[in-house]
């Protein structure tokens, strides 16, 4: 690693955070930061803010695709299980009906699909969000306690390719926030 790369990504620094009073200020700051070329940033709010995910450049994750795959596996597994039970393992001919009567499979197959899809949704959501995470570096900033009450925060992470601590501090100070803090690791 070069000396220049070491300076641009200081060890022990998670990023730089700015605090705002209103969601509108935060949203405007996120648009400005994204327009300035910052891509590794996160916003913290006590309430949902419409348009915030798009403003920080959030990309949709693959949870929906995982749920679809889980549902399809549930359908295939349910049909396969019922076919195996009624045709191979325990064939029972009642009234000369066929052993593999698919209309009788519909309720159990539906339930298997719902079960696997919902479990896949839970597991993939937790995995893709990096949860459970009992500790995060932003908790080191004393003012961050207000993030769940009435303050709005924007944090530009040190892993951002454009991150230079001094330049990023100056940039965040120009956004008109209440306070700018360096977030220790």
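A few remarks follow.
- Going from the fewest other Cβ atoms within 10 Å to the most, the residues 153, 144, 20 appear in the order 144, 20, 153.
- Mean separation of Cα contacts under 8 Å (6+ apart) over length of segment 73-185, as relative contact order %: 23
- Note on the chain: GNM, Cα springs under 10 Å; of 173, 111, 24, the largest mean-square fluctuation is that of 111.
- Highest-MSF residue in the chain out of 140, 129, 61 [GNM, Cα springs under 10 Å]: 129
- Labels on offer are [x] -0.51, -0.90, -1.28; [y] -0.33, -0.92, -1.58; [z] -0.27, -0.80, -1.57, and the one holding log10 I(q)/I(0) by the Debye sum over Cα atoms at q = 0.09, 0.15, 0.20 Å⁻¹ computed from this structure is [x].
- Sum of -39500 (n - 2.57) over DSSP H runs of 4+, divided by residues of the chain (222 nm, nearest 500): -13000 deg cm²/dmol
- Between 0 and 90°, nearest 10: helix 106-128 axis offset from the chain longest Cα axis: 20
- Helix axis angle, 23-35 relative to the chain longest principal axis, alpha carbon, degrees: 90
- Once the Cα atoms are used to define both axes, helix 63-83 deviates from the longest principal axis of the chain by about 10 degrees.
- For the residues 77, 95, 12, a GNM of the chain with alpha-carbon springs under 10 Å puts the largest fluctuation on 95.
- Cα centroid of segment 41-66 to Cα centroid of segment 101-121, whole Å: 31
- Annotation for residue 65 and residue 149: the two label points, set 7 Å from Cα along the Cα-Cβ direction, are 4.2 nm apart.
- Each listed q (0.13, 0.14, 0.15 Å⁻¹) maps to a log10 I(q)/I(0) for segment 63-128, found by the Debye formula over equal Cα scatterers with no solvent: -0.43, -0.48, -0.52.
Any read-out appearing in this document is the output of simple, stated calculations on the displayed coordinates, not a laboratory observation. Just so you know, these numbers come straight off a predicted model, no measurement behind them. Neighbour counts are summed over all protein chains in view; Cβ atoms, including those assigned to glycine, are modelled from backbone coordinates with ideal geometry.
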